[in-house]
Each structure stands twice: as structure tokens, then as C-alpha cells.
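Take a look at the structure set out below.
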Amino acid sequence: MIGNAMVISLCDIYENYIRYRKPKQKRKEIKIISDSVIEQLYVFYINDKKFDGKMNVRQKVVEKIKNATTNHVSNEDLLVLNSFNNLLRRYDEVFGKGYNDYEDLLDEFINSILRELIKNITSHSSLVADRDAIRLRSFL
């Protein structure tokens, strides 16, 4: 679903977030990690190695959610897909190029949007017993 290196990077974000009540990483670093999570989930769920922009990704994720029953998508996969869709919906607001005060947006993104996705990913049967995923879950 997502690689071990990504799980470790997410551990670093949340470990520092708990310790300092704000991310140690800069917004750009969190964006890069989020982009990598998006690409890895896209490949895993959409089964397409051609990543062609986040709007296209969201459209394909929404289609997958809508067709979940006919495509026999499990409940745990549906939880991940719904939280993945939420992340995609808020992505541009947090990481867009317009001038904003990003501190509150980034805090909300880490505390709710990304956290929900990471909880669902690390609780998925493909990662539930992984040592690093267990460590990441302990920070959430």
C-alpha cells in the first residue's frame, strides 16, 4: 500500500508533532511526503502506474468509491479510499501557491486529514502487523 520508508517519514512527522505541538518539518517537506503517499495509494488502488495530476487522481478515487459494491471493495479499503478522497479534496487549500497563513491550515491537515488517512492505512490488514506501522499508530 505505502512503502516502509514512507511509514518511517510519517512517524517522524507525528513524533515531532507530539513533542513540539507543531511539525518540525517545513510545509514543503510535508507536501513532498503527502505527494508520495498520494502516488503510492494511487498505484495501489487505481492499478495505474501513470500518475497524471491530482485532479485526475481524485476523479478516479471517487469513481472507485462509487463502484465499491460492484468492484467488491472491502470495508477497510473503502475507509482508506474515503480518507484518501478527503485528503485530495483539501490538498490544494493547504499546499496551493496562493498567499495564505498556512500555519493553521497545516495544523488542521496534520491533526485531522492526514491523521485519519494514516489511521486507516496503518489499520489495514496489509500493514496491521508491521512494526513501523504499529509505531506510527502509537503517535496517532
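Quick look at the numbers
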read-out: Rounded accessible area per residue of the chain, 1.4 Å, Å²; value: 56
read-out: CD proxy at 222 nm, helix term only [per DSSP H run n ≥ 4: -39500 (n - 2.57); per residue of the chain; nearest 500]; value: -22000 deg cm²/dmol
read-out: The chain, relative contact order in percent, only Cα pairs under 8 angstrom and at least six apart counted; value: 30
read-out: Difference of contour (0.36 nm per residue) and Cα-Cα distance, E76 to S138; value: 20.4 nm
read-out: Convex hull volume of segment 1-130 per residue (C-alpha atoms, cubic angstrom); value: 104
read-out: Spacing of the two label points (7 Å from each Cα toward its C-beta) at K31 and N56, in nm; value: 2.1
read-out: Protein accessible area in the chain, 1.4 Å probe - carbon and sulfur %; value: 50
read-out: Given charges at Cβ of Lys, Arg, Asp, Glu: the chain dipole, positive-most of G96, V61, S123; value: G96
read-out: q = 0.11, 0.21, 0.25 Å⁻¹, segment 55-140: log10 I(q)/I(0) [Debye, one scatterer per Cα]; value: -0.37, -1.02, -1.16
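The values are calculated or read from the model by the stated rules, or taken from the named source; none is laboratory data. Bear in mind the structure is a predicted one, so any value in this text is a computation, not a measurement. Reconstructed Cβ throughout: ideal geometry from the backbone, glycine too, with neighbour counts over all protein chains shown. Heads up: the accessible areas ignore ligands, DNA and RNA and are worked out on the full protein's heavy atoms, side chains in. Shrake-Rupley method; radii C 1.70, N 1.55, O 1.52, S 1.80 Å.
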